[in-house]
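A quick write-up on the structure given underneath.
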Amino acid sequence: MNQLAARRLRLTAAGIVLAIASVLPTAWAPSVALDPTSSQTAQFDQRLHNLLPEPVRSRGLLRVGTDASYAPMSSFGPDGLTIIGVEPDLGVQIGRILGVRLPFGNVDFAELRGRVVSGRLDLAISAMTDTPERARSGDFVNYFRAGTSIVVQHGNPAGVTELNDLCGKVVAVESGTTQVDLLARTQRNCASRRIIVKTYPTNSDALVQLRTGRAVAVLNDYPPAVYLVNDARTRSQYQLASTLQYEPGQYGVFVAKTAPGLRDAVQGALEQLQRSGAYSVVLDRWHVQDGAVQQITINSSR
């Protein structure tokens, strides 16, 4: 191939990449699949496929939003592009059952529900706890259970062991999370020494505040908190204030109320994953089997 032909090929390839980027949101990335030869992978289900909205069947994919700063649930892999974790792996398996792809895109957590309700996303799968307030704007298909933990600097210089120890101190937390609400309720125990709550777009942003000493704690769901204190890259920086999980609740796939067929298809797919054993394989792979639920429910907070 001569230099001119090679240059044209590179330009053509770049054009294809730009065309794809114009269709999918920034940082939209494929997910990592389980071994397709495994006996515990999911099988296509025509009945569930037929429940999908016609536009989804036509384009062959469900647009999924997640906050990719919450390992091991969803986070960027070593390449800085591919979103990996419990939820993307479940997404691969759900896609096999429904006969569509589930590419995950990185979206600030506080924006996820609004994008689903407006139709810019089909699903939000992002360690989102099913609460009565959230369930007023959409439906949750519940697939996991976890509570909140307090993450502190390694060595715990502020001596934090429980929520009330945060009174009068700076705490960093991700915007739009149940942890913001938990801190608001904790304020009642603080009298005049109120918690100074600082919110940030991503969990990674909040952790920077803790790591640099500008906050004494970050509130995380238990699985990401455990991941932080055990991962070789971060265990020298963080530890848990205690092993207590505050206000455990169920994570749910968030679906617009205008898409009951999609909601039921996702529920059916997750139920099939449980029966096949693929659900347990995913949770075991990421060491979060303690969060397994026995039944896939809809709107469990009601």
Wholly within the range 49-112, which strands (runs of 3 or more DSSP E) include no fewer than the required count, namely at least 3 residues that are in contact (Cβ under 8 Å) with a residue 12 or more places away in the chain?
64-66, 104-106
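Being in contact (Cβ under 8 Å) with a residue 40 or more places away in the chain and in contact with a helix residue (DSSP H, G or I) (Cβ under 9 Å, 6 or more places away or on another chain): is that true of E162 here?
On the way: in contact (Cβ under 8 Å) with a residue 40 or more places away in the chain: yes; in contact with a helix residue (DSSP H, G or I) (Cβ under 9 Å, 6 or more places away or on another chain): no.
Spelling it out, it is not the case that E162 is in contact (Cβ under 8 Å) with a residue 40 or more places away in the chain and in contact with a helix residue (DSSP H, G or I) (Cβ under 9 Å, 6 or more places away or on another chain).
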Here are some conditions: (1) surrounded by fewer than 18 Cβ atoms within 10 Å (Cβ to Cβ); (2) free of Cβ contacts under 8 Å to residues at least 40 places away in the same chain. A206 meets all but one. Which one does it not meet?
(1)
Do the conditions hold for D67, that is, is it under 26 Å from S280 (Cβ atoms), at pLDDT 95 or above and among the charged types (D, E, K, R)?
yes
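Quick one: would you say A191 is small (G, A, S) and at pLDDT 95 or above?
Criteria not met by A191.
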So, A110, is that one within 13 Å of V255 (Cβ to Cβ), in the same structural domain as R63 (by TED's automatic domain parsing) and at pLDDT 95 or above or not?
no
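Kindly provide the set of residues from the range 116-153 that are part of a helix (DSSP H, G or I) and closer than 16 Å to E87 by Cβ, ordered by number.
Of all residues in the range 116-153, those part of a helix (DSSP H, G or I) come to 116-118, 132-135.
Hit for the range 116-153 is V116, nothing else.
Kindly indicate whether A42 is modelled with pLDDT under 95, among the small types (G, A, S) and in the same structural domain as R263 (by TED's automatic domain parsing).
yes
Restricting attention to the range 90-103, report how many residues are more than 15 Å from L123 (Cβ to Cβ) and in contact with a helix residue (DSSP H, G or I) (Cβ under 6 Å, 6 or more places away or on another chain). Before you say what the answer is, go through the steps one by one.
First pass over the range 90-103, keeping only residues more than 15 Å from L123 (Cβ to Cβ): 96, 99.
Filter once more, so that each one left must be in contact with a helix residue (DSSP H, G or I) (Cβ under 6 Å, 6 or more places away or on another chain): 99.
Result for the range 90-103: 1.
Here is a yes/no grid of residues against (1) more than 17 Å from the chain's Cα centre (by Cα); (2) on the phi < 0 side of the Ramachandran plot; (3) of a type outside the set (A, V, I, L, M):
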{"position": "P78", "(1), (2), (3)": "yes, yes, yes"}
{"position": "I84", "(1), (2), (3)": "no, yes, no"}
{"position": "G91", "(1), (2), (3)": "no, yes, yes"}
{"position": "I94", "(1), (2), (3)": "no, yes, no"}
{"position": "E111", "(1), (2), (3)": "no, yes, yes"}
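Among the β-branched types (V, I, T), surrounded by fewer than 17 Cβ atoms within 10 Å (Cβ to Cβ), farther than 17 Å from A71 by Cα and in contact with a Ser or Thr (Cβ under 8 Å, 6 or more places away or on another chain): which single residue out of T199, T161 fits that description?
Matching residue, one of T199, T161: T161.
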Of everything in the range 45-71, what is among the hydroxyl-bearing types (S, T, Y) and in contact with a Ser or Thr (Cβ under 8 Å, 6 or more places away or on another chain)? Give them in sequence order.
T66, S69, Y70
Give the residue that is surrounded by the fewest Cβ atoms within 10 Å (Cβ to Cβ), with candidates limited to residues of the range 243-293 that are touching a strand residue (DSSP E or B) at 6+ places or on another chain (Cβ under 7 Å) and among the aromatic types (F, W, Y).
Y246
Regarding the range 136-157, can at least one residue be identified that is among the basic types (K, R), surrounded by 17 or more Cβ atoms within 10 Å (Cβ to Cβ) and either at pLDDT 95 or above or within 30 Å of G268 (Cα to Cα) (or both)?
yes
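The values are calculated or read from the model by the stated rules, or taken from the named source; none is laboratory data. Quick caveat: nothing in here was measured; it's all calculated off a predicted structure. Every residue, glycine as well, gets a Cβ built from its backbone with ideal geometry; the counts of neighbours run over all protein chains shown.
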